[in-house]
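Below: one structure, written as structure tokens.
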Amino acid sequence: MSQLSQLSQVLIDEISERRPSVDELRSRTRRRNVRRRSFGAGSLALAIGVAIVVASVGTTSIAPTSPNRAHLASYFQAAVNVSNSTLETVGLPTSVAVPTRVTPTLSTAGTNGVVSYVGAEYCPYCALQRWGLLVALSKFGTFTHLNREIFSSSSDAYPRLASWSFVGAKYTSKYFRFEPVELTSDKPISGGGYAPLEKMTDPQRIAYDKFNPQGELPFVDFGNHFVALGASSSPSVLEGLSPSAIGQQLNDPKSAVALEVDGSANYFIASLCPMAQTDAPAICSSRLTLQAMKDLRRGEGSPQTMSDATTAPVEPPTNAPLSVWRKWSAEEHKFLLAAAANYRYPNSTCTILKISVTPNQSHKTVLGVPAGITRWGISIEGKCLPGQN
């Protein structure tokens with residue numbers, strides 16, 4: 001484990017050890033007159049160097065329609081139950097695009113530990129990507145309420161591809177959160193375009209704008225480590241197929257659907273494995289996944305090298321010259337910038353909205369640090385699901 005990772009773990013452990021009671025938190029919140037609300041949930045205040053404020057989170061919710069649930073359940077289960085042996089046989093086809101490696105930053109830290117999908121119901125490329133995501137994410141958690149059957153636009157490329165909407169869907173995983181957003185429906189509106197559905201959260205929008213400046217759909221962000229822009233393979237393999245026919249082909253490694261969808265899922269799984277920090281699924285150590293990880297690491301947009309920033313600077317002795325102390329302060333600042341950019345809040349039901357490295361300068365010697373020397377702390381603001389602290 002790198003020293004940067006160790007620092008992050010210390011921050012995480014510090015949160016757990018210092019967590020006060022709910023009554024104390026409420027009392028602190030009243031005293032500070034901090035009022036952050038989302039869908040009626042209360043606020044949470046913690047401390048990491050400086051104040052951390054955590055409140056409730058909400059997402060736009062659209063009531064799902066009620067299609068033939070028995071028909072839908074058949075293909076849903078087929079995708080969920082694609083076997084590891086089928087994935088192994090499919091392998092890593094050259095026709096499948098490899099997700100791009102990206103660098104977490106302070107601005108995108110709010111979606112560390114989050115898998116974001118941004119798409120639209122009318123979008124044929126999104127139809128293909130949803131299938132691959134369902135196969136991959138099912139290796140790390142459980143879906144419920146996938147009950148909104150849709151078809152891509154009849155007037156777009158690859159018309160009327162069978163899929164489903166993530167609107168109203170629920171996903172549970174001990175490793176990360178999945179936050180899907182369907183921006184528009186599959187129903188045209190007068191004047192052109194499609195009816196709006198959901199909106200990205202503020203942290204999602206920041207990551208979307210940074211990693212996807214052209215605004216491609218679909219957009220998948222694997223915790224700010226890897227991103228997939230557009231469909232990972234050709235949607236043409238879904239043309240003319242019913243949902244049940246697609247489900248059947250997913251489990252046939254010789255089929256065209258399995259080659260493209262399961263092949264995409266293999267790279268998605270490799271992108272998800274680094275987010276499973278402890279007790280990762282067995283598939284993360286398979287020969288296929290390890291090979292996919294190598295391909296991912298060779299991708300474009302590799303994270304910056306943090307050679308000097310990965311080691312926490314050693315505090316000088318009290319009687320050291322001020323020039324030494326100033327150098328130490330600059331190194332501490334650089335180190336904490338890297339740590340904050342990669343920080344992940346330990347509670348998977350909470351979202352970081354803002355994270356920053358803040359100065360703390362004293363006019364007298366404090367804890368051995370001379371007057372006028374800047375110490376640095378990490379400040380985080382976030383939101384938690386109602387009832388989750």
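The values are calculated or read from the model by the stated rules, or taken from the named source; none is laboratory data. For clarity, every value in this text was computed on a predicted model and none was experimentally measured. So basically every Cβ, Gly included, is an ideal-geometry build from the backbone, and we count neighbours across all protein chains shown. Quick note on the areas: whole protein, heavy atoms, side chains included, nothing else; ligands and nucleic acids left out. Shrake-Rupley method; radii C 1.70, N 1.55, O 1.52, S 1.80 Å.
The table for this structure:
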item	result
Estimated FRET transfer efficiency when R0 is 30 angstrom, pair T278-D209 (beta carbons, to 0.05)	0.40
Out-of-range pairs (alpha-carbon distance over 29 Å; input K199/K254; K139/K254; K139/K294)	K199/K254
Contact order normalised by residue count of region 74-297, Cα under 8 Å, 6+ apart, percent	32 percent
Rounded if a/c under 1.5, otherwise prolate or oblate - region 74-297, Cα gyration tensor axes	oblate
Percent antiparallel among DSSP beta bridges (both partners in region 74-297, rounded to 5)	75 percent
Point-to-point label distance, S236-R298, nm (Cα→Cβ direction, 7 Å offset)	2.6 nm
Portion, in percent, of the accessible area of region 74-297 that falls on carbon or sulfur, probe 1.4 Å	51 percent
For region 74-297: accessible area per residue (Å², 1.4 Å)	37 Å²
Net +/- balance of residues flanking G91 in space, Cβ distance below 13 Å, scoring K and R +1, D and E -1	-2
Length added when fully stretched, T358-S154, from 0.36 nm per residue minus Cα-Cα	68.2 nm
Cα gyration tensor category, rounded, prolate or oblate, for region 159-252 with a/c compared to 1.5	oblate
